[in-house]
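The numbers here are math on the coordinates, done by the rules we state, and not lab data. As the structure is a computational prediction, the values presented were derived from the model and not from experiment. As a convention, Cβ positions derive from the backbone with ideal geometry for all residues, glycine included, and neighbour counts pool all protein chains shown.
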Amino acid sequence: MVRVTSTDEASTVVRFAANHRIPFTVKGGGYSTTGASITHGGIVLDLSNLRRVHVNPVSRIVTAQGGALWEDIDVAAVQHRLSVVGSTLNHIGVAGATLGGGYGWLTGQYGLAIDNLLWARMILADGSVMLVSEDQHPDLFWAIRGAGQCFGVAIELAFRAHRQDHPVFAGTLLFSADNLPAIVEFANKFDILTDGNQGFWFGFAMPSSMDRCAIFVAIFYNGPQTAARQFFSPLFSIGPVVNETGMLPYDSLNGILNVMDTVSRRRILEGADITLPSDEPVGTRKSLRGSNITLPLDINFAASIYSEFDGIMREFPQARDSILLFELLPNTQITKVPNDATAFASRGPYHNVISLFGWQDADLDERMHSLQGDIMNQIGTRAGIACKPDYSVSKHGTGLYANYAGHDLPIEAIFGDNLPRLRELKKKYDPNNIFKKWHNLNTSTDTKNSI
Ligand SMILES: Cc1cc2nc3c(=O)[nH]c(=O)nc-3n(C[C@H](O)[C@H](O)[C@H](O)COP(=O)(O)OP(=O)(O)OC[C@H]3O[C@@H](n4cnc5c(N)ncnc54)[C@H](O)[C@@H]3O)c2cc1C
């Protein structure tokens, strides 16, 4: 693992790995959902010392180094009453999330992180450094907006920032399971009610104090408390058993879900910037998978998914920290950009669904993957865009967010009609395919993620 402190050092590492054909990957925030930022027997280029952020309040441009986390940007930008579309969990890496697309609470207002990316400085497979934007190397700029991890190391990124001069209303709620119909009813009105300033996530989780799954809800309203309470009044009137919502300074917003933190932080040797090797277990074994739903969501179907998830949590108590979430963010800004305008190929009239399974025993790996796969397949095939009669990939996208897709799906299912162009660009910018750990553009399903 090479922890670099400059662009030059990073480029030397890339060149060295490429020249010696050493398996290679990049680590930013460490939240990969497929183990893509680790390698066995290869080199990890660790960018965690490159977290500097610069805010230009006049041009409203925020630049961040390739190892910055979203909390670095949120904290720096809000000092100038600005914000950037970033992940809903602020320990995630800016580059890792952005290069794959980048959803956040502000997506309803301003689109994806890539829709706000102005340029990126990329280290390519031969170690050269290239600035890419709409004007400079636009073909590569197209590719890095949705499949960037396959093309190089983003060593610096520049984003359009937006005025954020007031606090926001946000937080989490828990409801008992019998409230599911009322919550689905609210979800089914969300696309009509929203003016872009809101976000509404709901799903299933089993808090340690309960013996069956509860309905977990996270809400966001970019505006004053009274308007927020009015918007979400159908939820508040149901009567949550836990209510942790309220007004927050903007830079705390992306901390409300940090309880979902999946990255175990090992003890750090005092005074030294190295991680101790340890025989202690480093937290749970994990798997994250994504799918999508279109609205309206059939209440009986939602109830059947609840029952199945709840059944798994009861049968496997060690998996109780798992969660399944329907992530409703207004998608007008996302879908106003065509699917072929950037490599990101999941712009359509649907919402992401994620399940994050965690368990302890390696013996359960296969079982957990299979249970999770089954439940997510059911969601996609019975409630997702692909089951609509008029569905077309070129028009509606694939419905799969590459950063959520999991590690074993066919690459075609993620990038759809954009795959041929991506493969052509791969020949041009990374002919030896050294950037292949995230999703390997050059393979089909069975040979993905070999190292
Ligand atoms: C609990 C959880 C919550 C999540 N919530 C959101 C969310 O709200 N919105 C959202 O859009 N996504 C979300 N994600 C998905 C997340 O954006 C992706 O997993 C992202 O790739 C993580 O980036 P990272 O830098 O933290 O991870 P890493 O593990 O460091 O990297 C992930 C991938 O990006 C590559 N990479 C990292 N930095 C660079 C760089 N500078 N240049 C080139 N390649 C790089 C790595 O090689 C690896 O392939 C979530 C994931 C988890 C586990």
Exercise for the section: Provide the per-residue ³J(HN,Hα) series for the range 8-20, in order, calculated from phi with Karplus coefficients 6.51, -1.76, 1.60 and θ = phi - 60°, each as a whole number of Hz, with x at glycine and proline positions. Expected result: 4, 4, 4, 5, 4, 4, 4, 4, 4, 4, 5, 4, 9
Exercise for the section: List every residue whose amide H lies under 5 Å from the amide H of D46, counting only residues 5 or more places away in sequence or on a different chain, with H placed 1.01 Å from N in the peptide plane. Expected result: V2, R3, V4, K27
Exercise for the section: Using only the alpha carbons of the range 116-160, determine the length spanned along each of the three principal axes and report them from longest to shortest in whole angstroms. Expected result: 28, 16, 16
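Just want to confirm a number: the relative contact order over the range 67-136, from Cα pairs under 8 angstrom separated by 6+ residues, in percent.
Working: 92 pairs, mean separation 16.2, N = 70.
Relative contact order, the range 67-136: 23 percent.
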Handout entry: 16 Å cut-off, amide nitrogen to a point 7 angstrom out along H20 Cα→Cβ, residues in the range 38-74
Key = 39-46
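What does the charge dipole of the chain about its Cα centre add up to, to the nearest 20 debye, if the Cβ of each Lys and Arg holds +1 and the Cβ of each Asp and Glu holds -1? Could the numbers behind the result be given before it?
Details: 37 positive and 44 negative charges, 169 e Å.
With Lys and Arg at +1 and Asp and Glu at -1, about 820 debye.
Jot down the per residue volume, in cubic angstrom and as a whole number, of the convex hull over the alpha-carbon atoms of the range 2-164.
Details: hull volume 16.4 nm³, N = 163.
In the range 2-164, the Cα hull volume divided by residue count equals 100 Å³.
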Handout entry: Per-selection metrics, the range 307-451 (Cα): Rg and Dmax in Å
Key = 17.0, 51
Practice task
Name the residues whose placed amide hydrogens come within less than 5 Å of the amide hydrogen of V168, ignoring near sequence neighbours (fewer than 5 apart) on the same chain.
Solution key: L248, Y250
Fill in the blank from the handout: Among beta bridges assigned by DSSP with both residues in the chain, the antiparallel ones amount in percent, to the nearest 5, to 90
Practice task
Quick one: grab Rg to one decimal and Dmax as a whole number for the range 94-144, Cα atoms only, in Å.
Solution key: 11.9, 38
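Got the relative contact order for the chain handy, in percent, Cα pairs under 8 Å and 6 or more residues apart?
Numbers: 991 pairs, mean separation 76.1, N = 451.
Once divided by the residue count of the chain, the mean separation gives 17 percent.
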Handout entry: Length-normalised contact order for the range 2-164 - Cα pairs under 8 Å, 6+ apart - percent
Key = 23
Fill in the blank from the handout: Under the Karplus relation with 6.51, -1.76 and 1.60 and θ = phi - 60°, whole-Hz ³J(HN,Hα) for the range 127-132, x at Gly and Pro, equal x, 6, 10, 9, 8, 10
Handout entry: For the chain, convex hull of alpha carbons as volume per residue, Å³
Key = 144
Handout entry: Nonlocal amide H pairs with L131, under 5 Å, H built at 1.01 Å
Key = M122
Problem - Cα-centre dipole for the range 2-164 with unit charges at Cβ (Lys and Arg positive, Asp and Glu negative), debye to 20 - result: 200
Practice task
Apply the Karplus parameterisation 6.51 cos²θ - 1.76 cosθ + 1.60, with θ equal to phi minus 60°, to every residue of the range 359-376 and state each ³J(HN,Hα) to the nearest whole Hz, in sequence, with x for glycine and proline.
Solution key: 8, 9, 7, 4, 4, 8, 3, 4, 4, 5, 4, 6, 5, 5, x, 4, 5, 6
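Kirkwood Rh, Cα Rg: Rg to Rh for the range 380-449? Display every interim value, and only then the final one.
Values: Rg = 13.3 Å, Rh = 13.2 Å.
Ratio of gyration radius to Kirkwood radius: 1.01.
If packing is taken as the mean number of other Cβ atoms within 10 Å per residue, what is the order of 97-103, 120-126, highest first?
Working: 97-103: 29.4, 120-126: 22.7.
The densest-packed peptide leads the list: 97-103, 120-126.
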